[in-house]
Amino acid sequence: MPEERTDQYVAVVVRIPEDYFSDEDEICLEAATYVCTLLEEHLIQDGHTVPESYQGGCSEDWGVYFETVLADEKIEYGIMFFPEEKGAEQRSIMVRYLPWQGFWKSLFFKQPDLAAAHPLHESMERFGKQFESYRMLTQSQLDQEY
């Protein structure tokens, strides 16, 4: 009998100091890079390794891309601005995490979920607790809010 799919966590949204946001930085790259630096340190302490080419993250036109390896499993992260409710102070950055699938597979296949018991979920929640506030998001919550 196939395992029933549940709505797993896929992201953590963290609130960071406003010093990392500026009007000249439309995609909030400075804020995303700051979060990536802290994430890298956190995940290394949790036993991840970071391929040399991804150390410090890679700036993209939407935010920062990052990868780690944990027990021979590649994991990718998208770190980007996360809009809050209209009228609220905009100081949130989202870290979207998922198993690495590769470019071509990602075009043609549904993105796989991490198992509910995967240690990365707990690690990302501990990461979120380092900030002023944080929220864990499931895929359905992310689809609804982003």
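Quick rundown of the values:
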{"read-out": "Within the stretch 27-51, tally of residues that are under 19 Å from Tyr146 (Cβ atoms), open to solvent by less than 50 Å² (accessible area, probe 1.4 Å) and touching an Asp or Glu at 6+ places or on another chain (Cβ under 8 Å)", "value": "1"}
{"read-out": "Subset of the stretch 80-101 (residues that are within 15 Å of the chain's Cα centre (by Cα) and either in contact (Cβ under 8 Å) with a residue 40 or more places away in the chain or over 23 Å from Ile44 (Cα atoms) (or both))", "value": "Met80, Phe81, Phe82, Pro83, Ser92, Ile93, Met94, Val95, Arg96, Tyr97, Leu98"}
{"read-out": "Where a residue in the stretch 61-79 is without any contact (Cβ under 8 Å) to a residue 24 or more places away in the chain and its partner, wherever it lies, is of a type outside the set (Phe, Trp, Tyr) and surrounded by fewer than 18 Cβ atoms within 10 Å (Cβ to Cβ), with Cβ under 6 Å and at least six apart", "value": "Tyr65/Cys58; Val69/Thr49"}
{"read-out": "Matching residues in the stretch 14-27 - criterion: being part of a loop (DSSP other than H, G, I, E, B) and more than 10 Å from Val64 (Cβ to Cβ)", "value": "Ile16, Pro17, Phe21, Ser22, Asp23, Glu24, Asp25, Glu26"}
{"read-out": "Every pair of residues 6+ apart whose Cβ atoms lie under 7 Å, when the first sits in the stretch 14-30 and is closer than 16 Å to Ser133 by Cα while the second is assigned to a strand (DSSP E or B) and among the small types (Gly, Ala, Ser)", "value": "Val14/Ser92; Arg15/Ser92; Arg15/Ser133"}
{"read-out": "Scan of the stretch 52-70 for residues that are open to solvent by less than 40 Å² (accessible area, probe 1.4 Å) and assigned to a loop (DSSP other than H, G, I, E, B), ordered by number", "value": "Gly56, Gly57, Gly63"}
{"read-out": "From the options Arg126, Arg135, residue that is basic (Lys, Arg), surrounded by fewer than 18 Cβ atoms within 10 Å (Cβ to Cβ), modelled with pLDDT of 85 or more and out of contact with any strand residue (DSSP E or B) (no Cβ under 9 Å at 6 or more places or on another chain)", "value": "Arg126"}
{"read-out": "Single residue of the stretch 71-101 satisfying the filter (closer than 15 Å to Glu30 by Cα, in contact with a Pro (Cβ under 9 Å, 6 or more places away or on another chain) and in a loop (DSSP other than H, G, I, E, B)) that is least open to solvent (accessible area, probe 1.4 Å)", "value": "Arg91"}
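The values are calculated or read from the model by the stated rules, or taken from the named source; none is laboratory data. Because the structure is predicted, anything quoted here is derived from the model rather than measured. All Cβ positions, even for glycine, are placed from backbone atoms using ideal geometry, and neighbour counts span all protein chains on display. We work out accessible area using only protein heavy atoms, side chains counted, and drop any ligands, DNA or RNA first. Shrake-Rupley method; radii C 1.70, N 1.55, O 1.52, S 1.80 Å.
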